[in-house]
2 protein chains.
Amino acid sequence: MIIGCTTVPDEMTQSSMVPETSVATTPEPDFVLDTSNTHNKFSRAIPPVLRVPPGAVVELFTKEATDGQLNVNSTAADLAKLDFNLIHPLTGPIHVEGAMPGDVLAVTFHEIELGNWGWNAHRPGGSGLLADDFHEPYLKTWSFSPGQTHVEFEPGISIPLQPFPGVVGVAPDTDEMLSTIPPRANGGNMDNKYIGVGTTVYLPVFVEGALLSIGDTHAVQGDGEICGTAIEAPMRIVLEVHVVKGKSILEPQYETDDYYAVTGFAETIHEAARKASRYMLDYLENEHGMAREDAYALASLAGDLKISEAVDMPHYLVSMHIPKEIFKKRQ
Amino acid sequence: MIIGCTTVPDEMTQSSMVPETSVATTPEPDFVLDTSNTHNKFSRAIPPVLRVPPGAVVELFTKEATDGQLNVNSTAADLAKLDFNLIHPLTGPIHVEGAMPGDVLAVTFHEIELGNWGWNAHRPGGSGLLADDFHEPYLKTWSFSPGQTHVEFEPGISIPLQPFPGVVGVAPDTDEMLSTIPPRANGGNMDNKYIGVGTTVYLPVFVEGALLSIGDTHAVQGDGEICGTAIEAPMRIVLEVHVVKGKSILEPQYETDDYYAVTGFAETIHEAARKASRYMLDYLENEHGMAREDAYALASLAGDLKISEAVDMPHYLVSMHIPKEIFKKRQ
């Protein structure tokens, strides 16, 4: 167990940090967690590397998704050599004191800083939505400088960076060592680009202490992540954890100042959309006291279905956002 | 054929108009088209009711989706009496001179004004994404006043109005009288909330004159339209038509100042998402000169997949948006 560890990996030293996205009032971290004890499965059998009280602010560092198998000088040929058993090294688990099965773990992202490089790839036979259209492996890498706000995809195309962790999850209630590829009720590889700075994500707790793990950090990604990868990059994250009693959710949800959102995973996008829709109706019933038939109508008028990821097989993730302004008293 | 008709239906007289959404520079209409000759199928066999040159500005009026079977005093019991053969009365067809098969019809929406009422409904056995969860018909109606910007869904819940036509389509290349329910390559019932004021929609032309029809106007709707209806309301629309030669698209696309978007329809959301993704790659190749493998990566990083409608069976519609800012020279 590492408590208050201050060792950080070379690729993530302060001098290499890009102050990418942060809120004005980032609190001072109570704990620091480096990448020296990552794991890459979801299971209650993986012992925690840090124990924190509710309300703790944790600064943590993440590895990129291949666990160091790629670097900024890698080429497309290197993709053939990847050992997929190493994919998704995760930082954690973090045991949050007082979190019990049936509770909800709330994780608020205060600050996310990119490391000094990142990569994007697709390959034949991979998980991309159009993998069957392409016959050659593809890899692009970028170096990031401190203060960088955009990434130049190619000359003339510049994408604003919007970093977030592709994987945010708690331990499932099983000793089985589950793959980190598909998202599940415990969260995990949701690849949801809205779960970044300024967002609080709510995760259902399945085991004592919740056992939060984070990784697969993305510098930027669109809804769908259609080629199967984002710009995959190591990062530094400052987050705050809270235990919510008496809030019951079946799958992860999240909110910002502007909207509340629910997610549903399933083996088809259609079923994931139905689950997300039902969770939105639950939210409108439970949090806004609406009759369910009214909630269904309101979600049709003001709820937006987004395909968060279409590539993390065998599970698609669909999210529904509803704006908070509709519940505010108008001037 | 009606050219320059100035008769407007009672429910859409100027005094009942809600100046909902408009751009500063709405041009004066060259033609006015009322609702006295609506039709409700897609077919090249339906003769045009108006003939306009490219560049024409047309003011047209639409009926609500049931063609007058519901009114502001209707109740849920009235849903059982609906004749679904009357659904989607469309204004048009408008023959645009010079539009030939293989061309693209560009339709820009300058102004959309709500009529004086609207309704929303869902029902067991209907097309809603969760129709199997509900066992009673549901109907809600609203009156709209001039200048109204929000609709009060119920006390404490107020939704900003964002009117758009659920149906925008050209004639398909068939004499068959096709249902207006599913969207197809000719557009039609796309139920895409972004195709409103400030948007230009591009429709592939299949028959001489294009034969544009518009209807099923929605006061507000979320991505997905999950209960099967929006707030369905009659409207007044000012639009401008242009014929684009040498632009080849297979299914409707659209753009605003902020983004370019493509759509794909299919019998599964998954296949619709794949089609939309491929169309985005076509766009990036054709309009931005990208290599296809780079376009795939870029769409994964900056393209957003949205479920536009999940209820117009047997066809789902998925859209992908890409922001234009990524192509702009940075200061």
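Some notes on this structure:
- Distance between region A:302-326 and region A:53-83 - C-alpha centres, whole angstrom: 26
- Net charge of neighbours whose Cβ lies under 15 Å from the Cβ of A:HIS242, counting Lys and Arg as +1 and Asp and Glu as -1: -3
- Put simply, the protein assembly as shown fits an ellipsoid with semi-axes of 46, 28, 20 Å; these come from the alpha carbon gyration tensor as the roots of five times its eigenvalues, largest first.
- Protein heavy-atom accessible area occluded, B/A pair - total, 1.4 Å probe, Å²: 5300
- Reduction of at least 20 Å² in accessible surface, 1.4 Å probe, comparing all protein chains with the chain by itself, residues of region A:152-168: A:PHE153, A:GLU154, A:GLY156, A:ILE157, A:SER158, A:ILE159, A:PRO160
- Coil-residue GluC sites (Glu not before Pro) of region A:48-143, DSSP, other Cβ within 10 Å capped at 16: A:GLU97
- Distance from the alpha carbon centroid of region B:140-194 to that of region B:202-220 works out to 13 angstrom.
- The largest accessible area among B:ARG184, B:ARG44 belongs to the first residue in B:ARG44, B:ARG184, and the rest follow in falling order (1.4 Å probe, all chains).
- Inter-copy separations for B:THR149, label at 7 Å along Cα-Cβ, nm, ascending: 2.8
- Here, chain B is characterised by an Rg to Rh ratio of 0.96, where Rg is the alpha-carbon radius of gyration and Rh the Kirkwood radius.
- Long-range HN-HN contacts of A:ARG184 with modeled amide H, under 5 Å: A:ASN189
- Counting only residues at least eight positions apart within a chain, or on another chain, the aspartates and glutamates with an alpha carbon under 15 Å from that of A:LYS247 are A:ASP103, A:GLU255, A:ASP282, A:GLU285, A:GLU287.
- Percent carbon-and-sulfur accessible area, the protein assembly as shown, ignoring ligands, DNA and RNA, probe 1.4 Å: 49
- Solvent-accessible area per residue in region A:10-244 equals 33 Å², computed with a 1.4 angstrom probe and all protein chains kept.
- For B:VAL32, the residues whose amide H sits under 5 Å from its own are B:GLY4, B:CYS5, B:GLU59, ignoring neighbours fewer than 5 places away on the same chain, with H placed 1.01 Å from N.
- Karplus 3J(HN,Hα) series, Hz, for region B:236-252 with 6.51 cos²θ - 1.76 cosθ + 1.60 (x for Gly, Pro): 10, 10, 10, 9, 10, 10, 9, 9, 9, 9, x, 10, 10, 10, 8, 9, x
- Taking the three principal axes of the alpha carbon atoms in region A:258-330, the coordinate ranges are 43, 23, 17 Å, sorted in descending order.
- Considering only B:ASN192, B:ASN40, B:ASN71, the Gaussian network model of chain B with Cα springs below 10 Å gives its largest mean-square fluctuation to B:ASN71.
- For A:HIS315, the accessible surface of its heavy atoms amounts to roughly 30 Å² (probe 1.4 Å, protein chains only, rounded to the nearest 10).
- GNM result for chain B, Cα springs below 10 Å: residue of B:LYS193, B:LYS306, B:LYS41 fluctuating most strongly: B:LYS306
- Per-copy distances of the B:MET100 label point, shortest first, in nm (7 angstrom along Cα→Cβ): 7.7
- In region B:258-330, taking the dipole from charged Cβ atoms about the Cα centre, the farthest positive-side position among B:THR268, B:LEU305, B:VAL318 is held by B:LEU305.
- Table column - 3J(HN,Hα) (Hz), region B:172-180, Karplus curve with 6.51, -1.76, 1.60, x for Gly and Pro: x, 8, 8, 7, 4, 8, 7, 4, 8
- With R₀ set to 30 Å, the beta-carbon distance separating A:LEU86 from A:THR25 gives a calculated FRET efficiency near 0.20.
- MRE, 222 nm, helices only [DSSP H, n ≥ 4, -39500 (n - 2.57), over the protein assembly as shown, to nearest 500]: -3000 deg cm²/dmol
- Charges were assigned to the Cβ only: +1 to each Lys and Arg, -1 to each Asp and Glu. The resulting dipole of the protein assembly as shown about its Cα centre is roughly 60 debye.
- Couplings for region B:292-308, taken from phi via the Karplus curve 6.51 cos²θ - 1.76 cosθ + 1.60 with θ = phi - 60°, read 4, 5, 6, 4, 4, 5, 4, 5, 6, 8, 10, x, 10, 7, 10, 8, 5 Hz in order; Gly and Pro are left as x.
- Under-5 Å amide H pairs with B:PHE153, H placed in peptide plane, nonlocal only: B:SER158, B:ILE159
- Value in Å of the Kirkwood radius, where region A:91-158 supplies the Cα pairs that are averaged: 16.5
- In the context of the full protein assembly, A:ARG123 retains an accessible surface of approximately 90 Å², using a probe radius of 1.4 Å and ignoring ligands and nucleic acids.
- Here B:PHE164 sits with roughly 0 square angstrom of accessible surface, probe radius 1.4 Å.
- Residue (of A:VAL243, A:THR35, A:TYR296) at the positive-pole extreme of chain A, dipole from beta-carbon charges: A:TYR296
The values are calculated or read from the model by the stated rules, or taken from the named source; none is laboratory data. Remember, it's a predicted structure, so these values are computed and weren't measured experimentally. Don't worry about glycine lacking a Cβ; one is built from the backbone with ideal geometry, like all the others, and counts go over all protein chains shown. With ligands, DNA and RNA removed, areas are computed over all heavy atoms of the protein, side chains included. Shrake-Rupley method; radii C 1.70, N 1.55, O 1.52, S 1.80 Å.
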